[in-house]
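Visitor: Handing you a structure now.
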Amino acid sequence: MLNALNPQPQDKILQLIQMYKDDPRSTKIDLGVGVYKDATGLTPVMRAVKTAEKQLWEAETTKTYTGLAGDPAYATALQSLILGDTVPADRLSAVATPGGTGAIRQALELIRLASPEATVWISNPTWPNHPSIIRYLGMKMAEYRYFDAETRGVDFDGMIADLGRAKPGDVVLLHGCCHNPTGANLTLAQWGAVADLLEKTGAIPFIDIAYQGFGDGLEEDAAGTRLIASRMPEVLIAASCSKNFGIYRERTGLLIAISPTAAMRATVQGNLAFLNRQNFSFPPDHGARLVTMILTDDALRADWKAELEEVRLGMLGLRQHLAEELRRLSGSDRFGFLAAHRGMFSRLGATPEQVEALREKHGIYMVGDSRMNIAGLNAQTVPILAKAIIDVGA
Ligand code: LMR
């Protein structure tokens, strides 16, 4: 049986991790995988997470199963962080999942279960795991234009034109904030126009929100998701706590399904729990419990928010520094988009050859589509990157 297997294509982002590790140069710079790093290159455990872990270690008396949906207190706490009070609780169903990817996978399986013929619309470009999972599940997929290669901003006219072709019951996958890989984001007015279009076409929004708090702030980054949730009868939301709580390896995600009526909630919730049972049974609990403790304790929450804000402002500072250096070296404003982008990533707009030259000649690792992890930089490496970008002619 096993000899029937074919080699799988390598994930481009994960492949880079190994290439970077194998590079012996001490001057190498890792702008690959989306993991936050501080100025010393470490991915720290956040203070509030450490404190919650200590408290949990003292207080936890059992590690027996929670429920198939995870601890309901986790869903309540995270729903409130994402949605505020925009949706009545009796329309909300949710299950804890292994990370944001788990939530995406469960959401897609839910769509396939309810509507096997639905086409899932993804942005061009998007996080490579989106199309990969959709394809693996054998679902229909279409792309909508998103990124304007000239301005490095959102090609909003293209997006609206393409999504205008969505059929009733199709699903539109949107990035809640901090678009991965481009860093180019919708304005609130554009979110409003997307909601108008979804209303017109009858397509269903599916929002992937993995970087809340990394862009313009916790509330600001949720504004688009809240607008959609307040207007649309049905919404799916896949949330990740990997980045904003820095608990990557704890695999802490949540899938939220907003149903049109309260009467539908029990069936939707039952289907979400069913899918958890089929795929992995009970979801992981440790990260979810830490998140619940932090969000429901005033002191822990305040400390977490303060540290998250430091992280956000640090990345913003690096963006501005890089844009400034490039303005100086290029004598033009053509890199101004780097300061306008938000979140962990920016798509530089370099060619694959230029990306390769950055790697081979300068030891600078970014994803092949020229996505850079801004958090991989620090005050010393920003000028080095800027010089290298000019050197390779990007
Ligand atoms: C990324 O885009 O780099 C992160 O979301 C990590 C991953 O799993 O790809």
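The values are calculated or read from the model by the stated rules, or taken from the named source; none is laboratory data. Just so it is clear, the model here is predicted, and its values are computed rather than measured. Cβ: placed from backbone, ideal geometry, glycine included. Neighbour counts: every protein chain shown. These accessible areas exclude ligands, DNA and RNA; they are computed on the full protein's heavy atoms, side chains included. Shrake-Rupley method; radii C 1.70, N 1.55, O 1.52, S 1.80 Å.
Visitor: How many of the residues in segment 87-136 are aliphatic (A, V, I, L, M) and within 17 Å of the chain's Cα centre (by Cα)?
Guide: Going through segment 87-136 one residue at a time, the tally reaches 8.
Visitor: To continue, here is another question. Kindly evaluate PRO233 against the criterion of being part of a loop (DSSP other than H, G, I, E, B), away from the ligand (no atom under 16 Å from the Cβ) and in contact (Cβ under 8 Å) with a residue 40 or more places away in the chain.
Guide: In short, no.
Visitor: Just for segment 206-224: of the residues that are over 13 Å from the mean Cα position of the chain (by Cα) and farther than 22 Å from GLY317 by Cα, which one is farthest from the ligand (Cβ to nearest atom)?
Guide: ALA223
Visitor: Would it be correct to say that ALA103 is more than 16 Å from the ligand (Cβ to nearest atom) and of a type in the set (Gly, Ala, Ser)?
Guide: In short, no.
Residues are listed down the side, and each one gets a yes or a no for (1) open to solvent by 40 Å² or more (accessible area, probe 1.4 Å); (2) within 26 Å of VAL87 (Cβ to Cβ):
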| position | (1), (2) |
| --- | --- |
| ARG145 | yes, no |
| ARG152 | yes, no |
| GLY169 | no, yes |
| LEU174 | no, yes |
| GLY183 | no, no |
| LEU188 | yes, yes |
| PRO233 | yes, yes |
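Visitor: Give the residues of segment 274-305 that are among the small types (Gly, Ala, Ser), open to solvent by 20 Å² or more (accessible area, probe 1.4 Å) and part of a helix (DSSP H, G or I), sorted by residue number.
Guide: ALA299, ALA302, listed by residue number.
Visitor: Can you name the residue in segment 316-375 that is without any contact (Cβ under 8 Å) to a residue 12 or more places away in the chain and small (Gly, Ala, Ser) and, of all such residues, is farthest from the ligand (Cβ to nearest atom)?
Guide: This residue is GLY331.
Visitor: Name the residues in segment 363-381 that are closer than 22 Å to LYS243 by Cα and either surrounded by 19 or more Cβ atoms within 10 Å (Cβ to Cβ) or outside the structural domain of GLN320 (by TED's automatic domain parsing) (or both), would you?
Guide: Scanning segment 363-381 gives TYR365, MET366, VAL367, SER370, ARG371, MET372, ASN373, ILE374, ALA375, GLY376, LEU377.
Visitor: Could you say which residue among GLY314, GLY343 is on the phi > 0 side of the Ramachandran plot, under 21 Å from the mean Cα position of the chain (by Cα) and not assigned by TED's automatic domain parsing to the domain that holds ALA73?
Guide: Unique residue meeting the criteria: GLY343.
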